[in-house]
Amino acid sequence: MSPKAYKQERWSLADLFSSIDSPEIQKAQKDLEKILQGYEGYREKLSPELDETQFLSILEDYEKAGKVLSRLGAYGSLRFSEDTQDQAAQAFQAQMQQLSANVDNRMMFFTLWWKGLEEADAQRFLDASGDYRYWLEALRLKKPYTLTEAEEKVINLKDVNGPR
């Protein structure tokens with residue numbers, strides 16, 4: 001039995017976006033910005049007395065932003081992998097890496113607040129967190145290694161261009 005011959009074809013990223021300059025990408029970036037603007041309003045609402053329903057809304061919005069950012073980042077990475085010499089793909093991937101760092105910095109206040117909660121308060125939220133529980137527990141394990149918000153933001157931005 002001879003091995004089956006495969007025809008090499010260019011892959012399609014159309015399930016993510018049709019092209020680097022597509023209006024879909026601009027829409028996704030605008031959607032992400034809208035989510036972030038709403039999310040930043042949660043900063044002043046965070047307290048140990050926060051209602052569990054509102055806590056879940058914060059987690060859901062965090063997830064929404066992550067999904068949009070993941071789609072943009074995946075497209076950038078795959079587009080670059082398709083042709084590493086393509087200047088447009090290189091620029092787009094770099095833009096998405098910078099966007100990711102900026103989004104992380106804008107949303108970081110929540111994860112820092114979460115890590116800093118007293119155990120009893122965290123437990124109340126964990127009990128109501130459903131599918132987010134594992135992620136929240138994992139975040140709390142990083143508490144001893146967490147710096148101030150300003151320091152974490154600098155590291156986040158440095159990681160875009162510097163060695164890890």
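The values are calculated or read from the model by the stated rules, or taken from the named source; none is laboratory data. Note that the coordinates shown come from a computational prediction; the quantities given were computed from them, not determined experimentally. All Cβ positions, glycine included, derive from the backbone under ideal geometry; neighbour counts span all protein chains shown.
Among the residues of region 75-88, what is the count of those that are over 17 Å from Q26 (Cβ atoms) and surrounded by 14 or more Cβ atoms within 10 Å (Cβ to Cβ)? Please lay out each step first, then the result.
Taking region 75-88 and keeping what is over 17 Å from Q26 (Cβ atoms), we get 77-78, 80-87.
Now narrow it down to the ones that are surrounded by 14 or more Cβ atoms within 10 Å (Cβ to Cβ): 77-78, 80, 86.
Total satisfying the criteria: 4.
Enumerate the pairs (first residue in region 67-82 and more than 14 Å from A101 (Cβ to Cβ); second residue anywhere and at pLDDT 95 or above and part of a helix (DSSP H, G or I)) with beta-carbon separation below 6 Å, excluding pairs fewer than 6 apart on the same chain, so at least 6 apart or on different chains.
Qualifying pairs under 6 Å: V68/A28; V68/D31; V68/L32; R79/A89; F80/A89; F80/Q93.
Select from region 33-69 the residues that are assigned to a helix (DSSP H, G or I), of a type in the set (S, T, Y) and in contact with a helix residue (DSSP H, G or I) (Cβ under 9 Å, 6 or more places away or on another chain) and list them in ascending order. First the steps, then the outcome.
Here is the first cut: in region 33-69, the ones assigned to a helix (DSSP H, G or I) are 33-40, 43-45, 52-69.
Still in the running and of a type in the set (S, T, Y): 39, 53, 57, 62.
Listed by number, the residues that qualify are Y39, T53, Y62.
Criterion first (part of a helix (DSSP H, G or I) and either closer than 14 Å to K64 by Cα or at pLDDT below 95 (or both)) does Y6 satisfy it?
Values: part of a helix (DSSP H, G or I): no; either closer than 14 Å to K64 by Cα or at pLDDT below 95 (or both): yes.
So Y6 fails the test.
Between L13, L32, L69, which is at pLDDT below 95, of a type outside the set (S, T, N, Q) and closer than 21 Å to F80 by Cβ?
On the way: L32 fails: at pLDDT below 95; L69 fails: at pLDDT below 95.
The unique qualifying residue is L13.
Specify which of the listed residues (I58, I25) is within 21 Å of S129 (Cβ to Cβ) and modelled with pLDDT of 95 or more.
Numbers: I25 fails: within 21 Å of S129 (Cβ to Cβ).
So the residue among I58, I25 that is within 21 Å of S129 (Cβ to Cβ) and modelled with pLDDT of 95 or more is I58.
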